[in-house]
Amino acid sequence: TTDAARVPQLRARLGATDPMLAAQDRTSPLYDVPLQEAVRRFQEHEALEADGRIGPITWAVLNTPVEAKVAQLRVALDMRRGQGRQPTERRIEVNIPHFRFHLLEGERKVLDMAVIVGRRDRQTPMLNVRMTAVQFNPPWGVPERNAREDLLPRFRRDPAAMQARGFRLYQRIDGEVVQVDATTVDFSGYSRTNFPYFVRQEAGDANALGRIKFVMPNGDDIYMHDTPDRHLFRRPDRAFSSGCIRLERPMELLSEALSGTAGWDRGRVDRVLASRATTSAALARTIPVRLHYTTVIVDGGRVIMRPDIYGLDADYARALDRATNQRIASAEGGATRGTGTR
């Protein structure tokens, strides 16, 4: 591929941070193998899909102003100054923009896995809660927004297929909840603002929650769970859920969570899962869970930055700027009143 306008610009942009590419001819209009490799290195560093192609996401990251990166660093430093001492007890931390789950004991990582978090229009909230129970073969009570926005179009296309995947339609009639055969409903008459049904998905292989749900009571109805969509964990950008946390290796967390819970060994777990019956187990030791938003971390002496997927760093930076401007104005006002100068 040759592009006399954009390829030299791309070479100059990447050459500013990639010494290997900087040694190449920056004026060449050819999208050659060395340039593709430089794009892959950039994508890997930014936790993007390293395919060597300049798609919309890579293009947006390439065009991120340096001021935005500086703002992220300012936010990270300010947040770090406000942190207390790290807890020593066993705990779970999920860093949302890094899409990572850690089970920690002091500073030691007991578990480290990829997670899928809420997409940009259905953000995972920041929470400090406790994991209290595990549910096996969970049904899914579909939130109203998901039913209206995600499932209604699928019911319109093929209601029989939706029922085959375990989705059941219910309606409240004269105060009584009644199941409705989806194949008898004319879904063309309903919309996102007019959908009088609620939806539940039965436990099973196709269930959106997978085989295991980790309960951590909170007002946002957020929990961690398994998922049948395993292929999504191969994606570097994993903001795909409606707010809950999908786990790459839920069975490993299950083993740790049930540690010390009488009567729950791996044999019983396997039997319960195989039964397809919905069963719950309260944890003998509840686990603190912190869902946090930290785009800049230091790992092994290396600073790792991830995109500000929810725009929270940008909001924080604007608040810092307002506070700085207020402090400056206050200081200047005080100097003027006190000295008659300026």
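None of the figures in this text is laboratory data; all of them are computed from the coordinates on show. Values in this document were obtained by computation on a predicted structure and should not be read as measured data. Note: ideal-geometry Cβ built from the backbone for every residue, glycine included; neighbour counts use all protein chains shown.
Of note:
- Computed P(r) (all Cα pairs; the range 162-308; 5 Å bins; percent): 2, 7, 12, 15, 16, 16, 12, 10, 7, 3, 1, 1, 0
- T2 paired with W59, simple spin-label distance in nm, labels 7 Å along Cα-to-beta-carbon: 2.2
- Across the range 55-65, coupling constants 3J(HN,Hα) worked out from phi with the 6.51/-1.76/1.60 Karplus curve, θ = phi - 60°, read x, x, 5, 4, 4, 5, 5, 4, 9, 5, x Hz, and Gly and Pro carry x.
- The length gained by stretching the chain between N146 and T278 to full extension, at 0.36 nm per residue less their Cα-Cα distance, is 45.3 nm.
- Working note: 222 nm ellipticity from helices only, DSSP H runs with n ≥ 4, each -39,500 (n - 2.57), summed and divided by the residues of the chain, gives -9500 deg cm²/dmol to the nearest 500.
- Length released on extending from D265 to V180, taking residue separation times 0.36 nm less the Cα-Cα span: 26.6 nm
- Taking max minus min of the alpha-carbon positions on each principal axis, the chain gives extents of 74, 60, 45 Å, largest first.
- Dimensions in Å of the range 59-101 - Rg and Dmax from alpha carbons: 14.5, 42
- Contour excess over end-to-end distance, with Cα ends at I297 and D121 and 0.36 nm allotted per residue: 60.9 nm
- For the chain, the relative contact order works out to 22 percent when only alpha carbon pairs closer than 8 Å and six or more residues apart are counted.
- Rounded D (µm²/s) - the range 180-253, Kirkwood Rh over Cα pairs, Stokes-Einstein at 20 °C, 1.002 mPa s: 144
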